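Some notes on the structure that comes next.
The values are calculated or read from the model by the stated rules, or taken from the named source; none is laboratory data. These numbers come from a predicted model, not from an experiment. Here the Cβ is made from the backbone with ideal geometry for all residues, glycine too, and neighbour counts use every protein chain on show.
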Amino acid sequence: MPIEKRKVLFVDDEPNVLQGLRRMLRSMRDQWDMSFAESGKDALDLLQTNNHDAIVSDMRMPGMDGAQLLLEVKSRHPQMVRIILSGQSEQEKILRSIGPTHRFLSKPCLPETLKQTLESACILHQTIQDPNLIRIISDLETLPSLSGIYEKVMAEMEDPSSSLEKIGKIISTDIGMTAKILHVANSAFYGQHHHVSNVEQAVMLLGMNTLRALVLHTQIFSTFDQKTVNNFSMDALWNHSITTASFARMIASEETKDQWIIEDSFASGLLHDVGELIFATNLPIKYDEALALARNEGLVRWEAEQRVLGTTHMEIGAHLLGLWGLPDSIIESLAFHHQPSRSGNQTFTPLTAVHIADSLDKDDQNETTINDHGQFDSVYLEQLGITKRIDQWCMA
Ligand SMILES: [Fe+2]
Ligand SMILES: [Fe+2]
């Protein structure tokens, strides 16, 4: 069967830049159907008559700039992947346009980087079949936070004597804020030697002025409205996530000296059930129905999600944070934390730490029947040769 080509639109007001992109991406002609536009207006006209999978736009353009264009594309064609390709000097302006932008790339951009970014973002869309779910994910700009933590961060932001260290520590205990800060930091510092998975480091990289602008003016954080889903408790999700994160970090630090694996294990543990938060805030009625089904029929939660919503919290969480450019090890932990053997990975990674920590947390009050936890993937643990150590961690 012929593979369907991805349709990608490139926008830049400088014809030379478009010409350069055309040349650079010639080898992709078999896989991508590429269009080129010299202004935001031309791009919107083109999109009106032709569906596209992704748009890659310059930031500084006369008339409509890249941020305005992507905002318009987000509202007219919410399912599209939106990428800014721009100069480093515009970083602060770029960060303020984080809302409608999924990924940022800096010029000059290596062809491989551009190809990889576009491919990984577009492949994510293929994993979910329901166009409504794709639209919800592409449209999401923020994830809600626990109200107590949100208020604490806001108070620190308003306090001129506060420090980045203090703010970073608070943010690192919240699921929604951690996801968003890692989105911003990994976008803004793309091309660094390594990804950013430590929130305190991410906050330091951004600096106080940018952080204040993002939080107070761009409003990258928001709070959760508990009234929306009867069977779901944000407090319970938070307790379970922070326990899993701390435990995953402890397990990782016993298994490896690699600081990246240890840091990624904490972030992965905190974010592993972010898909539940996405369901609870965007599809509250359906999600309530899934949770009721799990309770009434004694199903594990992800099975009930699959039946009612046609996807699971693992898939949807990995999809959103993948689109936001979070590190691969975090995405892998989100996607496979209930069935790690499906990852095909046979070495110790943050996924291993999260699977064990998640399975050992028996106190998740969101679980009403057979819970998703306490169910080890014994084949996977046996392959890694760590089955015997489970008892030792159980007692920790
Ligand atoms: Fe889960
Ligand atoms: Fe979990």
Within the stretch 344-376, restricting attention to residues that are in contact with a helix residue (DSSP H, G or I) (Cβ under 7 Å, 6 or more places away or on another chain), at pLDDT below 90 and farther than 25 Å from Asn296 by Cα, which residue is farthest from ligand 1 (Cβ to nearest atom)?
Gln346
Looking only at the stretch 309-326, count how many residues are outside any helix (DSSP H, G or I) and over 14 Å from Asp130 (Cβ atoms).
3
Only one of (1) within 14 Å of ligand 2 (Cβ to nearest atom); (2) modelled with pLDDT under 95; (3) buried (at least 20 other Cβ atoms within 10 Å of the Cβ) does not apply to His319, and that is (1)
Are any of the residues in the stretch 234-251 touching a Leu at 6+ places or on another chain (Cβ under 8 Å), away from ligand 2 (no atom under 15 Å from the Cβ) and hydrophobic (A, V, I, L, M, F, W, C)?
no
Here the residues within the stretch 94-123 that are buried (at least 22 other Cβ atoms within 10 Å of the Cβ) and farther than 12 Å from Ile83 by Cβ are Ile98
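How many residues does the stretch 281-308 hold that are touching a Leu at 6+ places or on another chain (Cβ under 8 Å) and either within 16 Å of ligand 2 (Cβ to nearest atom) or in a helix (DSSP H, G or I) (or both)?
So in the stretch 281-308, the residues touching a Leu at 6+ places or on another chain (Cβ under 8 Å) come out as 281-283, 286-287, 290, 293, 299, 301, 304, 307-308.
Remaining after also requiring either within 16 Å of ligand 2 (Cβ to nearest atom) or in a helix (DSSP H, G or I) (or both): 281-282, 286-287, 290, 293, 299, 301, 304, 307-308.
Going through the stretch 281-308 one residue at a time, the tally reaches 11.
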Scanning the stretch 96-145 residue by residue, the ones that are more than 16 Å from the chain's Cα centre (by Cα) and part of a loop (DSSP other than H, G, I, E, B) total 7
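Quick check, is Ala202 in the same structural domain as Arg295 (by TED's automatic domain parsing) and of a type in the set (Gly, Ala, Ser)? Walk me through it before giving the result.
On the way: in the same structural domain as Arg295 (by TED's automatic domain parsing): no; of a type in the set (Gly, Ala, Ser): yes.
So Ala202 does not fit the description; no.
Evaluate the following for Pro327: is it within 18 Å of Ile390 (Cβ to Cβ) and not acidic (Asp, Glu)? Before the answer, list the steps.
On the way: within 18 Å of Ile390 (Cβ to Cβ): no; not acidic (Asp, Glu): yes.
In short, no.
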What are the residues in the stretch 379-394 that are within 14 Å of Leu360 (Cα to Cα) and of a type outside the set (A, V, I, L, M), if any?
Thr387, Arg389, Asp391, Gln392, Trp393, Cys394
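Kindly indicate whether any position in the stretch 264-276 is over 17 Å from the mean Cα position of the chain (by Cα), surrounded by 24 or more Cβ atoms within 10 Å (Cβ to Cβ) and assigned to a helix (DSSP H, G or I). Before the answer, list the steps.
Applying the first criterion (over 17 Å from the mean Cα position of the chain (by Cα)) to the stretch 264-276 yields none.
No, the stretch 264-276 contains no residue that is over 17 Å from the mean Cα position of the chain (by Cα), surrounded by 24 or more Cβ atoms within 10 Å (Cβ to Cβ) and assigned to a helix (DSSP H, G or I).
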Quick one: would you say Gly317 is more than 14 Å from ligand 1 (Cβ to nearest atom) and small (Gly, Ala, Ser)?
no
Given the conditions (1) within 14 Å of ligand 1 (Cβ to nearest atom); (2) closer than 23 Å to Gly148 by Cβ; (3) surrounded by 21 or more Cβ atoms within 10 Å (Cβ to Cβ), report the number of the one that Leu291 does not fulfil.
(2)
Using beta carbons and a limit of 6 Å, which pairs, at least six apart or on different chains, have the first residue in the stretch 135-150 and of a type in the set (Gly, Ala, Ser) and the second one assigned to a helix (DSSP H, G or I)?
Ser145/Gly176; Ser145/Met177
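Tell me which residues, restricted to the stretch 294-342, are closer than 25 Å to Glu119 by Cβ and basic (Lys, Arg).
Step one: filter the stretch 294-342 for residues closer than 25 Å to Glu119 by Cβ, giving 310-337, 339-340, 342.
Arg342, the sole residue that qualifies.
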